[in-house]
Amino acid sequence: MNEKRLFLLALLLVTAVASLPAQLVNGRFTTSFYSWEQYDTVGVSKAYLRAYQTVQLSVAQGDFVFHTFAQGVMNGANSFGDVGRVRFYNLYATWTGFSRTLDLSLGRQAVFAGVGNGNIDGLTARARLLDDKITVTGYGGSTVKEEYTGVRSDWHDNINVGGQVVTTLVPEARIGLSYMNRHEEYDPYWTTRARDSLGIPVPYYISGTSLARQLGSVDASYLCGDLLTAYGRYDYDFNFSETSRGEGGVRVHVMPSLDVTGDVFYRKPQIAFNSIFSAFAASSTTEIEGGVEYIVTPMVRVFGKLGSVSYTDDNSMRWTLGVNGGYGSVTYTGSSGFAGELTSFNAEGTYPFFDRTLLPSLGVSLVSYRLSADSPRDNALAVLLGATVRPLRSFSFDVQGQWMKNRLYDHDMRLQVRLLYWFAERLSLFSEEAH
C-alpha cells in the first residue's frame, strides 16, 4: 500500500465520519518554505529551496474521532534526491465507549507508554478502572517505515507490541510498569565490497536484518505537599540481561521563592540485540547534577546548575547560569573534560505589539570551543531575527532568518517562512442542517 492508497483511505474515513450529523471538525494547515545556501566546492555555492505542506485534521462524531497528520515535501531544482514525497505520520480512528472507560484506536499512530515508544500501524486499547486510579494500556502492530509512506507486508519481522499499567492508588504517588518488544527490519540494498586480496570491488547484496529490542521499565513519582517532589525510573534490557537506564530526581521547596534540585542518570547505549554494533563493547555513562532556582519576581526566575558526567576512564563537568523573564532569557553554559571544552552565551527575546498581532523576536549566540586540550580554540557567532504576524485569530504568518559565522563558514544564511491557518467548527455535512 503506497502513499496514494493511504491518502484515499484518509479521504474515505473523513467522508464516512462527516456524513453523520453534528460533527466537530478541527484542522490546522501549515505551509512552510525553507531556503539555504551551500558551498559544494571552494568559492562555489548553490541556493536550495524546500517547501512543506502539513495537514492536521480531526473529525469527532459521538464516540468516534478520526485523526490524521500528513506532510508533503517538495524540493527545488537544485535540491538533493527526489523531487518530493508525502508522509503520513498519523492516520487512525478512535472509539470511546463503555461510559468513557475504554478507548480503542486503530490505524497509524504514535505510542507513548512508558518504555514503549514509536509509531505503529495497528491497535491501541486503553482502559480506565477504579475511578481512573488504574490505567491499563496495550498496543500491537507493525513498525512504520522511515519514509512514513506505505504499510509493511512482512509483519512478523516488523512487530511492535507492549503495554503499560499506571496506578495512583498510593496517596500522592504515581507508579507505572511497562514493557516493549519491538522488531524492525531495514530494507536490503546492493553495494560494492572488496571480496579478495586484490581489493577489487564487486557487487554485494546486504540483506535486511530484523533488529530486536525488548525492554521493561518501572517508574514512580511522589509529591509531598508543597515541600518535595521525587521521581525515579529503572529500565531493564531482557535481550542483553542488563540494566539499560536508571534515573532519579528530587526537587525541594526550601522557601516560597527558592527550590533546590538534584538528579542522577545512568545510561547504556540502546543497541539492537542482533545488530552488528552489538558485537562491540558499549560503555555506560553516569551523570549527577544539582541546581538552584530562585524567583525574583513573578516574571523573573534565576537558576544555576552544576553537573558531572562519568565515563569508563574519564569524566567531564558542565554548568549553566541563566535568567528567564516574561519576554526572554539569558544563559551562560560551559563544559570541560573528556567531552571537550565549551563556553557559550545565549540571549533571546520577544515582545508583543498591537494587542499581540505582531511579535518580533531576536536571538544571539556566541560560542567558544575546542575538542581537546591540544586542539585550537574555535569561535562561532549566530544571530536569529524573526517576527510573527497574527492579523486574525485563525491565521498567522511567520518569518525567521538565521545567520552564522565560524572558522569553516564565512557566513551561513538560512530563511524560513511559514503560513498557519487553523479552525474548529461544528458542522452537519451532507444534510440540510448546518451549524
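No lab work stands behind these numbers, since they all come straight from the coordinates. Values in this document were obtained by computation on a predicted structure and should not be read as measured data. For neighbour counting, all protein chains shown are included, and Cβ atoms are generated from backbone atoms with ideal geometry for every residue, glycine included.
Odds and ends about this structure:
- TRP422/LEU198 FRET efficiency (R0 60 Å; Cβ-Cβ; nearest 0.05): 0.45
- For LYS305, a cut-off of 25 angstrom between C-alpha atoms picks up these lysines, skipping any fewer than 8 places away in its own chain: LYS268.
- Using every pair of separate Cα atoms, the Kirkwood estimate puts the hydrodynamic radius of region 48-181 at 16.8 angstrom.
- If you sort the three axes of the alpha carbon gyration tensor as a ≥ b ≥ c, you get a/c of 1.5 or more for region 287-379 and a/b no higher than b/c, which makes it oblate.
- Under 5 Å between amide hydrogens, built in the peptide plane, is the criterion, and for THR209 it picks out TYR186 among residues at least 5 positions away or on other chains.
- Sequentially through region 413-422, phi angles give Karplus couplings (6.51, -1.76, 1.60; θ = phi - 60°) of 10, 9, 9, 10, 10, 9, 10, 10, 9, 9 Hz, Gly and Pro residues having no value and appearing as x.
- Here the spin labels are modelled as points 7 Å beyond Cα on the Cα-Cβ line, and at THR101 and PHE33 they lie 5.5 nm apart.
- In the chain, the DSSP-assigned H stretches of four residues or longer account for a calculated mean residue ellipticity at 222 nm of -1000 deg cm²/dmol, using -39500 (n - 2.57) per stretch and the full residue count as denominator.
- Full-extension gain in nm, THR209 to LEU228, via 0.36 nm per residue minus C-alpha separation: 2.1 nm
- Under the criterion of Cα pairs below 8 Å and six or more residues apart, the relative contact order for region 302-435 equals 13 percent.
- Mean separation of Cα pairs under 8 Å and 6 or more residues apart, divided by the residue count, gives the chain a relative contact order of 11 percent.
- Label corresponding to semi-axes √(5λ) of the Cα gyration tensor in Å when calculated from the structure given, among (1) 44, 29, 20; (2) 36, 32, 32; (3) 31, 26, 20: (2)
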